[in-house]
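Everything below concerns the one structure shown next.
Each value in this text was obtained by applying a stated rule to the coordinates, not by laboratory testing. As the structure is a computational prediction, the values presented were derived from the model and not from experiment. All Cβ positions, glycine included, derive from the backbone under ideal geometry; neighbour counts span all protein chains shown.
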């Protein structure tokens with residue numbers, strides 16, 4: 001009986017255990033091309049129809065006009081910071097210094113100086129990517145998903161924006177919360 005208890009005790013102390021290591025996704029090593037996006041309506045006061053175009057920004061839809069019984073809301077691409085504006089199949093991101101810096105739409109060439117980078121904090125266990133814009137003091141927190149291979153290099157990157165709220169300015173001068181959306185950004189390299 002003592003031998004059986006000893007065998008059971010030894011087997012529980014030295015049982016099989018699988019050890020796995022988390023590989024950090026590597027966003028460095030090439031340019032990411034913005035390929036597509038989706039707008040997900042989180043909350044709205046009435047039916048909302050999303051009309052996609054080639055551009056999207058991570059900011060409120062502030063330009064509004066009344067058209068055929070509805071309200072058309074647009075974003076101001078030119079006044080949006082470079083790290084928060086995207087053109088399908090044209091916008092490029094390039095990460096540098098072990099995922100710590102981000103360059104938007106940077107084309108290396110003779111006589112072209114490298115712009116100031118945006119700073120990046122990568123929180124792997126939360127799948128969160130934070131981009132810090134030192135020019136305006138803003139930060140954008142994305143939830144990310146990538147397809148890392150064994151070496152950690154990814155070929156697709158999907159970002160989910162924070163909630164973007166847009167208010168309507170009604171004809172009587174009042175404001176009403178119109179819609180809350182999240183934007184899904186898709187990149188490939």
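The fewest-to-most ranking of 73, 110, 188 by surrounding Cβ atoms within 10 Å reads 110, 188, 73. Each principal axis of the range 25-188 carries a Cα extent, and these read 56, 38, 27 Å when sorted largest first.
The ranking of 67, 40, 48, 181 by Cβ neighbour count inside 10 Å, starting from the fewest, reads 67, 40, 48, 181.
What full-extension length gain, to one decimal in nm, is calculated for residue 174 and residue 64 as 0.36 nm per residue of separation minus the Cα-Cα distance? Please list the in-between numbers first.
Working: separation 110, 0.36 × 110 = 39.60 nm, distance 1.42 nm.
That works out to 38.2 nm of additional length.
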